[in-house]
Amino acid sequence: MNIKTRFAPSPTGFLHVGGLRTALYSYLFARKNNGVFMMRIEDTDQERFVEGGTENMIRSLKWAGLSIDEGVDMGEEGNVIQKGDKGPYIQSQRLDIYKKYVQELVEQGHAYYCFCSKERLEEVRKNQELNKMPTGYDGHCRDLDVAEAQKRVMTGEKYVIRMKMPKTGTTVVDDMVRGKVEFKNELVDDQVLVKADGFPTYHLAVVVDDHLMEVTHVIRGEEWLPSTPKHIQLYKMFGWDLPQFGHLSMLINEQKQKLSKRHGDVSVEDFKQKGYLPEAMVNFIAFLGWNPGGEKEIFSLAELEKEFDFSKVHKPAAVFNREKLNWYNKQYMMALSDEELAKRCESFFIQIGLQTSDFRLANIVALEKGRSSTLAEIAENITFIFSDKLKYESELLVWKKSTHEDAKQKLKELALFFATIGDWNRENVEQVTLSWIKEKGWGNGDVLWPMRVALSGQKNSPGPFEIATVLGKEKTLDRIQKAIELL
RNA sequence: GGCGUCAUCGUCUAAUGGUUAGGACAUCAGGUUUUCAUCCUGGUAAUCGGGGUUCGAUUCCCCGUGGCGCUACCA
């Protein structure tokens, strides 16, 4: 049987990094096994509908490099398209299908109409809590006469449809991550399958869709584990084969709490905008809860597709550690060619209002390789290159125990010396300058420190020769001149 | 409260019924260096607690503790 996994988010805003991991594992598992990776949109909650939510989900997935084989995808113009013959892949477009299947359940006595008001339900729960009983529906409408109930429905009475959970026995979830997990059926609620507004709940819709769409492996967040017995019972009621379930643990923050917006960045979009590379993001997230076993930890998506193995996915929740992400990002930025890095930085230059047509851009961003952790940081850190007049205190030009006069003198001599250099490339400038300093019997710092500050205006910056060659001879001399004047 | 689940350095993790419990990030110290960063070398740092089983347990079992999830006509 051909393996098929799916990612099925609710389009309620932006893709959470935890969601990205779920999608990534589903994707990797499918790729590893030559299977199909499908995307479906679960929008059965009308109240939580967000305009553009679906587009956001797809965009984030594509940014990360995950390609969708079937289901919802993005067209040429950024529009939502659907591909595959098991559609539609958007649940709100499948209402008739769900209606048909619940009807079947009702007819076979596996589901029933429930007319209980919200008030009554609340009352019941309050009592249960008060008596320290397990909470849940008390089965008030469970044994209503079907014909009677149908009559009430006909008269327009509000109703929901609930599944009739078995009252005895246990349901065993055989989970790919956790092994066998057992639930007592009597403690599992008679879940609502169809809401008063006629929409199915998640529980009905996933089961019907995963079956009809021939999903073989249901990989999702750990929060679904407790409702899996309901899903398994539904499969049984329909007489359908069970898929494999795999429940992934959660991503948490340093305080061991759920990653939430209140505590910082959580959406893939956030990280994209901060200047994280998708390659770094994917590598980092893949390693949160999975590890191939060796000591290598830089993996491209293609390598992950080869190596991914569900038996090595582990159970504990993983802390989303920003420091490690930064390290990964730095590694990936260093590995990029200067030209590619410049290209990736483009939107960040624009954001801070930088002229981007400079043909030396590749050389300029290269200054920050290994220094900055994000693309945004690069853009921010190289602005001094473009500045016409640097602002800094004259004291900054003075190295350690040196003096104003000394710094001034060194810069003057340096300017004269630079004027004589014909071949203004990095190797040459550095080489001849260093030997010139040696000839003079000075310390490197005596000259190089004021030079670097004159060129950067900063306490910390790339090296003086790197800056000088990026700047060009003319601008270099100009900045040295300005520094001399400042002193 | 009930049900479920999880537990190796601060963090991500490796390993095994017998190891000096390994690596990476972070951190600390040293080196390289004009600064910061990079790079190199070295260091600190972990098997949640209590019982079993066993010659031996961090590993297997039980109990406890703590964290987390679910307990909606949300997903």
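A few notes on this one:
- Any chance A:LEU288 is in a helix (DSSP H, G or I), modelled with pLDDT of 95 or more and in the same structural domain as A:LEU61 (by TED's automatic domain parsing): no
- Yes/no for A:ILE58 being free of Cβ contacts under 8 Å to residues at least 24 places away in the same chain, not in a strand (DSSP E or B) and not assigned by TED's automatic domain parsing to the domain that holds A:LEU234: yes
- Single residue of segment A:134-166 satisfying the filter (within 26 Å of A:LYS184 (Cβ to Cβ) and over 40 Å from the mean Cα position of the chain (by Cα)) that is farthest from RNA strand B (Cβ to nearest atom): A:ASP143
- Index of the failed condition, A:GLY87 passing every other in (1) within 37 Å of the chain's Cα centre (by Cα); (2) away from RNA strand B (no atom under 11 Å from the Cβ); (3) part of a strand (DSSP E or B): (3)
- In segment A:28-46, the qualifying residues are those that are assigned to a strand (DSSP E or B) and touching a Leu at 6+ places or on another chain (Cβ under 9 Å), and the one that is farthest from A:ILE58 (Cα to Cα) is A:PHE37.
- Filtering segment A:438-487 to residues that are assigned to a loop (DSSP other than H, G, I, E, B) and within 13 Å of RNA strand B (Cβ to nearest atom) leaves A:TRP442, A:GLY443, A:GLY457, A:GLN458, A:LYS459, A:ASN460, A:SER461, A:PRO462, A:GLY463.
- Candidates A:VAL173, A:VAL124, A:VAL177, A:VAL153, filtered to the one that is touching a helix residue (DSSP H, G or I) at 6+ places or on another chain (Cβ under 7 Å) and hydrophobic (A, V, I, L, M, F, W, C): A:VAL173
- Conditions (1) away from RNA strand B (no atom under 16 Å from the Cβ); (2) crowded, with 19+ Cβ neighbours inside 10 Å; (3) in a helix (DSSP H, G or I); number of the one not met by A:GLN103: (2)
- Among the residues of segment A:45-62, just one is away from RNA strand B (no atom under 16 Å from the Cβ), farther than 14 Å from A:ASP73 by Cβ and of a type in the set (D, E, K, R), namely A:GLU51.
- Qualifying positions in segment A:363-415 - under 21 Å from A:TYR328 (Cα atoms) and part of a helix (DSSP H, G or I): A:VAL365, A:ALA366, A:LEU375, A:ALA376, A:GLU377, A:ILE378, A:ALA379, A:GLU380, A:ASN381
- Within segment A:196-221, restricting attention to residues that are touching a strand residue (DSSP E or B) at 6+ places or on another chain (Cβ under 7 Å) and without any contact (Cβ under 8 Å) to a residue 60 or more places away in the chain, the residue that is farthest from RNA strand B (Cβ to nearest atom) is A:HIS203.
- Residues located in segment A:190-225, provided they are surrounded by fewer than 17 Cβ atoms within 10 Å (Cβ to Cβ) and closer than 24 Å to A:CYS116 by Cα: A:LYS195, A:ALA196, A:ASP197, A:GLY198
- Condition met for A:GLU76 (under 12 Å from A:PRO11 (Cα atoms), at pLDDT below 95 and acidic (Asp, Glu)): no
The values are calculated or read from the model by the stated rules, or taken from the named source; none is laboratory data. Every value quoted in this text rests on a predicted model; they were computed, and no experiment measured them. As a convention, Cβ positions derive from the backbone with ideal geometry for all residues, glycine included, and neighbour counts pool all protein chains shown.
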